[in-house]
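The values are calculated or read from the model by the stated rules, or taken from the named source; none is laboratory data. Keep in mind it's a predicted model, so treat the numbers as computed, not measured. Methodologically, a virtual Cβ is constructed for each residue, glycine included, from the backbone with ideal geometry; neighbour enumeration extends over all protein chains shown.
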Amino acid sequence: MLTQALLVDDSRSVLNYLKRHIEADGLVEATAFLDPVEALACARERVFDLVLVDYEMPHMDGISFIRAFRALPGCADVPIAMVTSRQTDDVKMEALQAGATDFLPKQRESLEMTVRLRNLIQLGAAVRKLNDRAAHLASEVAAATRKLGEREEEIILRLALAVEYRDNDTGEHTLRVARYSRIIAEQLGLPPRLCRDIYLAAPLHDVGKVAIPDNILLKPGRLTDDEMAVIRTHATIGERILADSGCELIQLGAQIAAGHHERWDGAGYPNGLKADEIPVAARVVAVADVFDALTTRRPYKEPMPIDEARSYLVENKGRQFDPACVEAFLSRWDEVVGIAAGERATPFHKAEAPLAPIMESPVEGHSPAAVTAS
């Protein structure tokens, strides 16, 4: 690849000489401008490896040009030589402070100019190679980071699905809760990264159910008070499973697992937290999880009509649910209805597509209160 040089001089004869001289060895392709303003406009659109600029020019002197060029994106390291016969200390100092790399004497056929120009060409080529290498490495790091993130996300989803398989549920519940949670988080105005993380961590809300005995977890009828006490331990167990992770998503999953059965009025479990004491991610998932539990079919119940489930959320905002989360959920009701009706979404990091639904199972009991306590 030829080194790309930008030449700027208001003298056509000097410009032609510089162009012939710099292109003589066939290693450089020069683009020449008489007007420094036009040269800057070109530099905004093209990448140059080397710049030669005159000191005294109309409209803009060489030092002003250097300052403007250095301010352009990607131009901080490009070698710049000022071509001038006025190489006083004051001029040199001002040019160096503006970002000049070197000076070329305005003397044709000068041995000094030939040597300095050759060195600048080599420097420009070396800087370009370094920048290309840095860009390549940055691209590889970004790709590797992206792949690690994708694997992290898929592992989280697979872990959540493993819990649902044991609960004899369907993977679609996990995905719907994730999508509902993202809607709420976005409508609350949470930062985009947190919205994404809530979407990815929401499926971990019931991970603690792996420790619940089968005779309780899979019981087809209503649970006794003692059995209900056992199943409610899944919130604490889930937090314990996910706690102390070095992964931020897992840490968020721990908050959600521990807090998604807390209530806005403080009557929830396991810690009786209330209002803003409950982490926002857990308040978000609480609404998403209960709504999906109400509107899906279970062996012991038919799905609640979606409008009735909506009414349940409205009636219990400020008691069971964070009012802001309920309002955020209802503000995108058309999307909610689409998700509940089985509308497909962009795959949850490539892991959504291959999921196959399996048998659904009961939670703790038959009533909405019992469903929402699970």
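What to note about this one:
- Subset of the range 78-92 [under 28 Å from ALA125 (Cβ atoms) and either assigned to a helix (DSSP H, G or I) or of a type in the set (Ser, Thr, Tyr) (or both)]: THR84, SER85, VAL91, LYS92
- Only a single criterion out of (1) at pLDDT 85 or above; (2) under 14 Å from ALA5 (Cβ atoms); (3) outside any loop (DSSP other than H, G, I, E, B); (4) of a type outside the set (Gly, Ala, Ser) is not satisfied by GLN97, namely (2).
- Within the option set ALA160, ALA135, ALA201, ALA178, being part of a helix (DSSP H, G or I), at pLDDT below 90 and buried (at least 16 other Cβ atoms within 10 Å of the Cβ) holds for one residue only, ALA160.
- Cβ separations smaller than 7 Å between residues 6+ apart or across chains give the following pairs from the range 251-266 residues that are in the same structural domain as VAL284 (by TED's automatic domain parsing) and within 14 Å of HIS205 (Cβ to Cβ) to residues that are surrounded by fewer than 23 Cβ atoms within 10 Å (Cβ to Cβ) and of a type in the set (Asp, Glu): LEU252/ASP197; ALA254/GLU239; ALA257/GLU239; ALA258/GLU239.
- Taking the range 91-103 as the range and being over 43 Å from the mean Cα position of the chain (by Cα) and farther than 15 Å from SER64 by Cα as the test, only PHE103 passes.
- Taking the numbered list (1) assigned to a helix (DSSP H, G or I); (2) of a type outside the set (Lys, Arg); (3) in contact (Cβ under 8 Å) with a residue 12 or more places away in the chain in turn, LEU223 passes all entries but (1).
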